[in-house]
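Visitor: Before I ask anything, here is the structure I am working with.
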Amino acid sequence: MKEMKILSGKIISEEIRNELKKEVDNLSTEGIKVTLAVILVGDDPASHVYVSHKEKGCAAMGVQSIVERLPEETTEEDLLRLVQDLNERKDIDGILCQVPLPPQIDPQKVIEMIDPMKDVDCFHPYNLGLLTAGAPRFMPCTPFGVLQILKRSGYSTSGKNVVILGRSNIVGRPLSILLSLKGWDATVTLCHSRTKNIEKICRSADILVAAIGIPHFVSDDFVKKNAVVIDVGVNRIDDPNHPKGTRLVGDVDFEAIKEIAEAATPVPGGVGPMTISMLLYNTINAARLRNGKTTFEL
């Protein structure tokens, strides 16, 4: 029996970062400095880790990062004022606000305050509208990372049945839109908690994307023979045998599908490393657009 291929986001991410580094260097020779501003509110441990990874990713690429660290008690008014100040700064290309935010702050208000030209997360309604219209300015980071994994692993989406588990505005919904655009040309089914016969629908997929946020939700009953499975889920579960007492798993039961699927992404090391690379990609393009250039294509 043929062994299931492991689609390493870590390796593909490094390939992409090498390409992006060359572009950053090219812009630098023209006197263009790429700069990303990150806002971190409060003391959420995971958020601090994510921001640290973004800082390191920027440093490795020659992208300048500015991190605004604010206390947990920061008011919504003060945060919105900071965002507006960053909007007005000519030396900043991209802005993102790390979530989750404290309960006194409405994250949607923060998203809508960010200048759409600096919205490198591609969360602003204006940028989502451009995406829906088939003329995206920026690419949603995790969804575009999924597409890059497929493309660079030799799996075309054209004419394929793609089933996506999960309809979040961060992954499932924008990915379904991207896949349906000309150039990707997939036939897309978007499943969610109210979907009936979900296992049967998933078994129809040439490419199955799990982004539902439930550990090991996808078992062998969900996967068609020789399907490609992309696991976007990152879930921490208890594991007394692990040195830390917990470990990360995806939405897919990796062991259960490895004799059925043709290829799959692991967790960790699959989609996760791609997200920051795509964030850097968007930030580079924001700098290009600021300087009257067209977008850099991967």
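The values are calculated or read from the model by the stated rules, or taken from the named source; none is laboratory data. Since this is a predicted model, take the numbers as computed values, not measurements. Note that we place each Cβ from the backbone using ideal geometry, even for glycine, and neighbour counts take in every protein chain shown.
Visitor: Among the residues of segment 3-51, what is the count of those that are on the phi < 0 side of the Ramachandran plot, surrounded by 16 or more Cβ atoms within 10 Å (Cβ to Cβ) and assigned to a loop (DSSP other than H, G, I, E, B)?
Guide: Residues in segment 3-51 being on the phi < 0 side of the Ramachandran plot, surrounded by 16 or more Cβ atoms within 10 Å (Cβ to Cβ) and assigned to a loop (DSSP other than H, G, I, E, B): 6 in total.
Visitor: Among the listed residues 6, 12, identify the single one that is within 18 Å of residue 277 (Cα to Cα), out of contact with any Asp or Glu (no Cβ under 7 Å at 6 or more places or on another chain) and in contact (Cβ under 8 Å) with a residue 60 or more places away in the chain.
Guide: Working: 6 fails: within 18 Å of residue 277 (Cα to Cα).
Selected residue: 12, the only one of 6, 12 that is within 18 Å of residue 277 (Cα to Cα), out of contact with any Asp or Glu (no Cβ under 7 Å at 6 or more places or on another chain) and in contact (Cβ under 8 Å) with a residue 60 or more places away in the chain.
Visitor: Still on this structure, I have one more. Assuming residue 23 fulfils every condition listed in (1) touching a residue at least 40 places away in the same chain (Cβ under 8 Å); (2) in contact with a Ser or Thr (Cβ under 8 Å, 6 or more places away or on another chain) apart from one, which condition is it?
Guide: Condition not satisfied by residue 23: (2).
Visitor: Being within 20 Å of the chain's Cα centre (by Cα) and either under 22 Å from residue 167 (Cβ atoms) or modelled with pLDDT of 95 or more (or both) narrows it down to one residue among 110, 41, 83, 49; which is it?
Guide: 110
Visitor: OK, next. For residues that are surrounded by fewer than 20 Cβ atoms within 10 Å (Cβ to Cβ) and at positive phi, tally how many sit in segment 140-168.
Guide: Filtering segment 140-168 for residues surrounded by fewer than 20 Cβ atoms within 10 Å (Cβ to Cβ) gives 151-156, 158-161, 167-168.
Right, trim to at positive phi and you get 154, 159.
Of the residues in segment 140-168, 2 are surrounded by fewer than 20 Cβ atoms within 10 Å (Cβ to Cβ) and at positive phi.
Visitor: Now for a different question. Out of segment 26-55, which residues are within 14 Å of residue 272 (Cβ to Cβ) and without any contact (Cβ under 8 Å) to a residue 12 or more places away in the chain? Steps first, please.
Guide: Kept after step one, since they are within 14 Å of residue 272 (Cβ to Cβ), are these residues of segment 26-55: 46, 49-50, 53-54.
Residues satisfying the conditions are 46, 49.
Visitor: Also, I was wondering about something else. For residues that are part of a strand (DSSP E or B) and among the aliphatic types (A, V, I, L, M), scanning just segment 187-205, find the one that is surrounded by the most Cβ atoms within 10 Å (Cβ to Cβ). Before you say what the answer is, go through the steps one by one.
Guide: Applying the first criterion (part of a strand (DSSP E or B)) to segment 187-205 yields 187-191.
Remaining after also requiring among the aliphatic types (A, V, I, L, M): 188, 190.
Working: 188: 20, 190: 18.
Within segment 187-205, the match that is surrounded by the most Cβ atoms within 10 Å (Cβ to Cβ) is 188.
Visitor: Assuming residue 58 fulfils every condition listed in (1) within 18 Å of the chain's Cα centre (by Cα); (2) in the same structural domain as residue 99 (by TED's automatic domain parsing); (3) surrounded by fewer than 17 Cβ atoms within 10 Å (Cβ to Cβ) apart from one, which condition is it?
Guide: (3)
Visitor: Which of (1) closer than 27 Å to residue 23 by Cα; (2) over 16 Å from the mean Cα position of the chain (by Cα); (3) assigned by TED's automatic domain parsing to the domain that holds residue 267 does residue 146 not meet, given it meets every other one?
Guide: (2)
Visitor: Hey, any hits in segment 272-292 for a residue that's in contact with a Phe, Trp or Tyr (Cβ under 6 Å, 6 or more places away or on another chain), part of a strand (DSSP E or B) and closer than 27 Å to residue 192 by Cβ?
Guide: No, segment 272-292 contains no residue that is in contact with a Phe, Trp or Tyr (Cβ under 6 Å, 6 or more places away or on another chain), part of a strand (DSSP E or B) and closer than 27 Å to residue 192 by Cβ.
Visitor: Identify, from the list 171, 209, 234, the residue that is surrounded by fewer than 20 Cβ atoms within 10 Å (Cβ to Cβ) and within 30 Å of residue 130 (Cα to Cα). Break it down stepwise before answering.
Guide: Details: 171 fails: surrounded by fewer than 20 Cβ atoms within 10 Å (Cβ to Cβ); 209 fails: surrounded by fewer than 20 Cβ atoms within 10 Å (Cβ to Cβ).
After applying the criteria, what remains is 234.
Visitor: Given the criterion within 30 Å of residue 252 (Cβ to Cβ), in contact with a strand residue (DSSP E or B) (Cβ under 6 Å, 6 or more places away or on another chain) and either at pLDDT 95 or above or of a type outside the set (A, V, I, L, M, F, W, C) (or both), identify the matching residue among 5, 56.
Guide: Working: 56 fails: in contact with a strand residue (DSSP E or B) (Cβ under 6 Å, 6 or more places away or on another chain).
Criteria check complete, one pass: 5.
Visitor: Same structure, new question: Out of (1) touching a strand residue (DSSP E or B) at 6+ places or on another chain (Cβ under 9 Å); (2) surrounded by fewer than 24 Cβ atoms within 10 Å (Cβ to Cβ), what's the single condition that is false for residue 225?
Guide: All conditions are met except number (1).
Visitor: Just one of the numbered conditions (1) outside the structural domain of residue 106 (by TED's automatic domain parsing); (2) over 11 Å from residue 277 (Cα atoms) is not true of residue 20; which one?
Guide: Looking at each condition in turn, residue 20 falls short on (2).
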